[in-house]
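Participant: Structure provided below as structure tokens; questions to follow.
The values are calculated or read from the model by the stated rules, or taken from the named source; none is laboratory data. Fair warning: this is a prediction, and the values are worked out from it, not measured in the lab. Every residue, glycine among them, receives a Cβ derived from its backbone with ideal geometry; neighbour counts consider all protein chains shown. Quick note on the areas: whole protein, heavy atoms, side chains included, nothing else; ligands and nucleic acids left out. Shrake-Rupley method; radii C 1.70, N 1.55, O 1.52, S 1.80 Å.
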Amino acid sequence: WWIVAVAILAHTASASVREYHWEVEYKFGFPDCKEGMVMAINGKFPGPTIHALAGDTIVVHLTNKLATEGLVIHWHGIRQLGSPWADGAAGVTQCAITPGETFTYRFTVEKPGTHFYHGHYGMQRSAGLYGSLIIDAAKGKREPLRYDGEFNLLLSDWWHESILSQELGLSAKPMRWIGEAQSILINGRGQFNCSLAAQFSNATAQFSNTSLPMCKFKKGDQCAPQRLHVQPNKTYRIRLASTTGLASLNFAVQGHKLMVVEADGNYITPFATSEIDIYSGESYSVLLTTDQDPSQNYWISVGVRGRKPKTPPALTVLHYVTAPSSQPHSSPPPETPRWNDFDRSKSFSRKILAAMGSPPPPRKFKKRLILLNTQNTIDGATKWALNNVSLVVPATPYLGSGKYRLRRGFDRKSPPTTFPVDYDIMNPPRNRNTTKGNGIYVFPFNVTVDVILQNANGLDANASEIHPWHLHGHDFWVLGYGEGKFRPGVDEKTYNLKNPPLKNTVALFPYGWTALRFVTDNPGVWFFHCHIEPHLHMGMGVVFAEGLNRIGKIPDEALGCGLTKQFLMNRNNP
């Protein structure tokens, strides 16, 4: 036992506690050169970047200074081992923080990686409530990457319509869709009414009725792009994270190869590419070597993929400091690949493989879910559903109901674990109706679970969308992708069990399936949902519970709502 004690003391001595005091409120800003309301943390949009070392404890005292809205923050990609109450999912792991109140998140970050944080109440992520969370190697350790400098790029999309108006439209009968974003932002900066590439008419004409004028910025303009200043013949790490509400994106740097080395906080087998697809909720690291003409600058382009592009690409410049000016290259920016070239998208996803030495998946599963993604209606309202159940999160957080065995907190009947074998995924549903539900999938502790995500046609003919699915509390192995309907007993033979990547977010492609595997080794209650904001708002998610009898102490302030509020009052005042 003394060896364990010494190890714990040594770990404690090398790790730090990083403490922050944050206030969230609306402010006026110019994210894309047009004034609008943004959600800011301590007056900053995007929010402050957290830098920490593996093993550190992060403490965030979060005060809600919004006038009328609740608030939580999810620490995307952090497993929350031993701290499920700090995951930041309203209605799942905690109550929303009410206006004027402060809630303290405390959690440990276990390994290096590129992550981010964002709002997880309503559609507050689309209002700008997000920031970067970068974990470096623990003191005395080194990552297996060599580079001379790094940049951190947080990618997002931006609407001029408020999120409250968007939410109202999504719930309306008939639904009022939010439409495509007005702008793509890089680190909170984009351009709506002008273009950095206006001299190239084809760069903007396809996105508007008229070509946009050239951008002219004044000192201090909030929407002016942040150029990346580089030395020639150096290698730079570019950390990418997508917190988009809707758009899938494509990232490219003119004339430069990108070496992809990290995905969702896990090292992968490096591979070179000229551009990278990144879906909402994903993060990557790429290495870029500045081996081009040092007297030139080069375009950086971020365009929309997976949806018919009505939003112009975000542009900025890779500026070689040896170039005579910081002006962009005289040739056009890289052209984003065709939006519906899904074969190209799948080819990129299949190149992501685990780095040598990564933990392999268990060879067999104990439990399996096959989740059919469908678009349906309830009394004239458009919804998304899994196995014909559209999720409605209850007033009492699942974590509290599970921990304290409050049987009326949610429907104790598990949702369906599969769907009818005769369901036609290639056509609109014959039965357009679905039902609301708040039941969850409860798993034993420490078993292997397979989840098969099955895509299908929506309500309209010839319409099936990309859905990026994100799991809280876990990384999972991506075992494979397939076309059409998943065939139990057949398609398992195509799984990659040798070097599947560990991720926390994965794409489900149109009319296809995606297979993933994880182990229920993290006691808690965990959200699993489409990372597209309006889709989750419309019911596209499920909830997993595991090891409920192993959950440790939960701070009372996390559960001061619904049935847990009265339970805690009775317990504390017998």
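Participant: Determine, yes or no, whether Val490 is among the hydrophobic types (A, V, I, L, M, F, W, C), crowded, with 19+ Cβ neighbours inside 10 Å and farther than 20 Å from Glu282 by Cβ. Walk me through how you get there before you give the answer.
Facilitator: Numbers: among the hydrophobic types (A, V, I, L, M, F, W, C): yes; crowded, with 19+ Cβ neighbours inside 10 Å: no; farther than 20 Å from Glu282 by Cβ: yes.
No, not satisfied.
Participant: Still on this structure, please answer the following. For segment 265-296, which residues satisfy the criterion of being of a type in the set (S, T, N, Q) and open to solvent by 10 Å² or more (accessible area, probe 1.4 Å)?
Facilitator: Taking segment 265-296 first, the residues of a type in the set (S, T, N, Q) are 266, 269, 273-274, 280, 283, 285, 289-290, 292, 295-296.
Across segment 265-296, the qualifying residues are Asn266, Thr269, Thr273, Ser274, Thr289, Gln292, Ser295, Gln296.
Participant: Then there's this: Restricting attention to segment 39-54, does a residue exist that is surrounded by fewer than 20 Cβ atoms within 10 Å (Cβ to Cβ), in a loop (DSSP other than H, G, I, E, B), more than 23 Å from the chain's Cα centre (by Cα) and of a type in the set (Val, Ile, Thr)?
Facilitator: No, segment 39-54 has no match at all.
Participant: Among the residues that make up segment 463-479, is at least one of them acidic (Asp, Glu) and either closer than 29 Å to Ser242 by Cβ or outside any loop (DSSP other than H, G, I, E, B) (or both)?
Facilitator: Start the filter on segment 463-479 by keeping residues that are acidic (Asp, Glu), which leaves 465, 475.
Still in the running and either closer than 29 Å to Ser242 by Cβ or outside any loop (DSSP other than H, G, I, E, B) (or both): 465, 475.
Yes: one or more hits.
Participant: Okay, next question. If you take the residues of segment 403-424 that are farther than 23 Å from Gly484 by Cα and in contact with a strand residue (DSSP E or B) (Cβ under 8 Å, 6 or more places away or on another chain), which of them is least open to solvent (accessible area, probe 1.4 Å)? Even if it seems obvious, please write down each step before you answer.
Facilitator: So in segment 403-424, the residues farther than 23 Å from Gly484 by Cα come out as 403-415.
Subset that is in contact with a strand residue (DSSP E or B) (Cβ under 8 Å, 6 or more places away or on another chain): 411, 414-415.
Details: Asp411: 79, Ser414: 56, Pro415: 21 Å².
Across segment 403-424, the extreme among qualifying residues is Pro415.
Participant: Tell me, which residue of segment 108-162 that is charged (D, E, K, R) and closer than 26 Å to Gly70 by Cβ is nearest to the chain's Cα centre (by Cα)? Give the derivation first.
Facilitator: So in segment 108-162, the residues charged (D, E, K, R) come out as 110-111, 125, 136, 139, 141-143, 146, 148, 150, 157, 161.
After this cut, where a residue has to be closer than 26 Å to Gly70 by Cβ as well, the list is 125, 157, 161.
Values: Arg125: 10, Asp157: 13, Glu161: 22 Å.
Only one residue tops the list, namely Arg125.
Participant: Looking at (1) in contact with a strand residue (DSSP E or B) (Cβ under 6 Å, 6 or more places away or on another chain); (2) open to solvent by 20 Å² or more (accessible area, probe 1.4 Å); (3) at positive phi, which is the only condition His329 fails?
Facilitator: (3)
Participant: Next question, about the same structure. Report yes if some residue within segment 538-545 is open to solvent by 10 Å² or more (accessible area, probe 1.4 Å) and either touching a Cys at 6+ places or on another chain (Cβ under 6 Å) or farther than 21 Å from Lys366 by Cβ (or both); otherwise report no. Even if it seems obvious, please write down each step before you answer.
Facilitator: Of all residues in segment 538-545, those open to solvent by 10 Å² or more (accessible area, probe 1.4 Å) come to 542.
Checking which are either touching a Cys at 6+ places or on another chain (Cβ under 6 Å) or farther than 21 Å from Lys366 by Cβ (or both) leaves us with none.
No, segment 538-545 contains no residue that is open to solvent by 10 Å² or more (accessible area, probe 1.4 Å) and either touching a Cys at 6+ places or on another chain (Cβ under 6 Å) or farther than 21 Å from Lys366 by Cβ (or both).
Participant: What strands (runs of 3 or more DSSP E) completely inside segment 497-574 contain at least 3 residues that are in contact with a Phe, Trp or Tyr (Cβ under 7 Å, 6 or more places away or on another chain) and farther than 29 Å from Trp339 by Cβ? Let's see the steps before the verdict.
Facilitator: Working: elements: 505-508, 512-519, 524-530, 541-546.
Result: 541-546.
Participant: Okay, moving on. Identify the residue in segment 517-537 that is more than 25 Å from Ser156 (Cα to Cα) and of a type in the set (D, E, K, R) and, among all such residues, is surrounded by the fewest Cβ atoms within 10 Å (Cβ to Cβ). Reasoning before the result, please.
Facilitator: Residues of segment 517-537 more than 25 Å from Ser156 (Cα to Cα): 517-525.
Next, only the ones that are of a type in the set (D, E, K, R) stay: 517, 521.
Values: Arg517: 21, Asp521: 15.
Out of the qualifying residues, it is Asp521.
Participant: Tell me yes or no: at least one residue of segment 162-184 is touching a Pro at 6+ places or on another chain (Cβ under 6 Å) and in a strand (DSSP E or B). Talk me through it step by step, then tell me what you get.
Facilitator: Start the filter on segment 162-184 by keeping residues that are touching a Pro at 6+ places or on another chain (Cβ under 6 Å), which leaves 170, 178.
Now narrow it down to the ones that are in a strand (DSSP E or B): none.
Scanning segment 162-184, I find no residue that is touching a Pro at 6+ places or on another chain (Cβ under 6 Å) and in a strand (DSSP E or B), so the answer is no.
Participant: Can you report the number of residues in segment 420-452 which are farther than 30 Å from Asn549 by Cβ and of a type in the set (Lys, Arg)?
Facilitator: Step one: list which residues in segment 420-452 are farther than 30 Å from Asn549 by Cβ, which gives 420-435.
Add one more test, that the residue is of a type in the set (Lys, Arg), and what stays is 430, 432.
Number of matching residues: 2.
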